[in-house]
1. Right, Leu87: within 15 Å of His209 (Cα to Cα) and either open to solvent by 50 Å² or more (accessible area, probe 1.4 Å) or in contact with a strand residue (DSSP E or B) (Cβ under 8 Å, 6 or more places away or on another chain) (or both) or not?
2. Exactly one of these conditions fails for Ser51: (1) within 25 Å of the chain's Cα centre (by Cα); (2) surrounded by fewer than 19 Cβ atoms within 10 Å (Cβ to Cβ). Give me its number.
3. So the check is Cβ under 8 Å with 6+ separation or different chains; which pairs have a first residue in the range 223-238 that's touching a residue at least 12 places away in the same chain (Cβ under 8 Å) and a second one that's among the hydrophobic types (A, V, I, L, M, F, W, C) and loosely packed, with under 14 Cβ neighbours inside 10 Å?
4. Does Leu111 satisfy being at pLDDT 95 or above and either buried (at least 17 other Cβ atoms within 10 Å of the Cβ) or assigned to a loop (DSSP other than H, G, I, E, B) (or both)?
5. Within the range 70-98, which residues are part of a loop (DSSP other than H, G, I, E, B), in contact (Cβ under 8 Å) with a residue 60 or more places away in the chain and within 23 Å of Pro219 (Cα to Cα)?
6. Looking at the range 134-149, I want the residues that are touching a residue at least 24 places away in the same chain (Cβ under 8 Å) and open to solvent by less than 90 Å² (accessible area, probe 1.4 Å) and have a partner that is of a type in the set (A, V, I, L, M, F, W, C) and in a helix (DSSP H, G or I) with Cβ atoms under 9 Å, at least 6 apart or on another chain. Which pairs are those?
Amino acid sequence: MRLSQILYSQGFGTRRLCNGLIYNDEVKVNGEVVDDPDAEFDTKDFVFEVSGKTWPFYEKALILLNKPSGYECSQKPKHHPSVMSLLPGPLRERNVQPVGRLDEDTTGLLLLTDDGSLIHKLTSPKHHVPKVYEARCKHPLTDEQVQRLLDGVELREPDAPAHYKPEPARAEGAEKVDEHLLRLTLIEGKYHQVKRMVAAVGNRVEALHRPQFGALTIPADLPPGGWIWIASPAQISP
């Protein structure tokens, strides 16, 4: 692939801007400046530098973000900054989207990608990709509440017809970590699901964190607001 095309595909702006970066000696390959936009490279395991920053080539971007509180998972946030503001320009230019959503006050592992088919796969309940949540609850947890979460609770939608009876929302796993901390595993992604399920059994979520998505966990050295590349969607499979 031509170098100018590589930069364009990786979100470095219009073709004219990409050519400008190359002509201005801002692009290096193997530590050497490349000033020819038509220079061709094999993109397999290809790594390059733009303005002193190293970038790996990925046909599709897949990012793990350690989401802090106070950010909305939206391109057009209403009350708080967008999680997109935590990412560098080239990733925003590639139009990466959150895989599902975390509420503004929820922290933890958020995946973002520009692969629409992957988003569908990872958010569809039929693919059974587990998401693990840690919910700090207002009232002491009981064994009965944990069992009800495993058995299933009814989550009625506000706009649903009166005769509509929804399928029970069940946790794939539920564990009382301590008196107030609940560890919940879900394969669905309903609106405010954890908070609504906990409310349905007579408790209340006061803080919510997602430490795991599929087989992925947040690296110990990744601070809130930090992000890393995920090399392959296969890493997500539990």
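The values are calculated or read from the model by the stated rules, or taken from the named source; none is laboratory data. Predicted, not measured: the structure shown is a model, and the values here were computed from it. We place every Cβ from the backbone using ideal geometry, glycine too, and count neighbours over all the protein chains shown. Quick note on the areas: whole protein, heavy atoms, side chains included, nothing else; ligands and nucleic acids left out. Shrake-Rupley method; radii C 1.70, N 1.55, O 1.52, S 1.80 Å.
1. For Leu87, the condition - within 15 Å of His209 (Cα to Cα) and either open to solvent by 50 Å² or more (accessible area, probe 1.4 Å) or in contact with a strand residue (DSSP E or B) (Cβ under 8 Å, 6 or more places away or on another chain) (or both) - is not met.
2. (1)
3. Gln235/Ala215; Ile236/Ala215; Ser237/Ala215; Pro238/Ala215
4. Criteria met by Leu111.
5. If the condition is that a residue be part of a loop (DSSP other than H, G, I, E, B), in contact (Cβ under 8 Å) with a residue 60 or more places away in the chain and within 23 Å of Pro219 (Cα to Cα), then Leu87 is the only one that fits.
6. From residues that are touching a residue at least 24 places away in the same chain (Cβ under 8 Å) and open to solvent by less than 90 Å² (accessible area, probe 1.4 Å), the pairs are Ala135/Val194; Ala135/Val198; Cys137/Val198; Gln145/Val198; Leu149/Met197; Leu149/Val198; Leu149/Ala200.
To keep it simple, each residue is scored yes or no on (1) surrounded by fewer than 17 Cβ atoms within 10 Å (Cβ to Cβ); (2) within 30 Å of Ser117 (Cα to Cα).
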residue: Leu17; (1), (2): yes, yes
residue: Gly20; (1), (2): yes, no
residue: Lys28; (1), (2): yes, no
residue: Pro37; (1), (2): no, no
residue: Phe41; (1), (2): yes, yes
residue: Ile63; (1), (2): no, yes
residue: Gly70; (1), (2): yes, yes
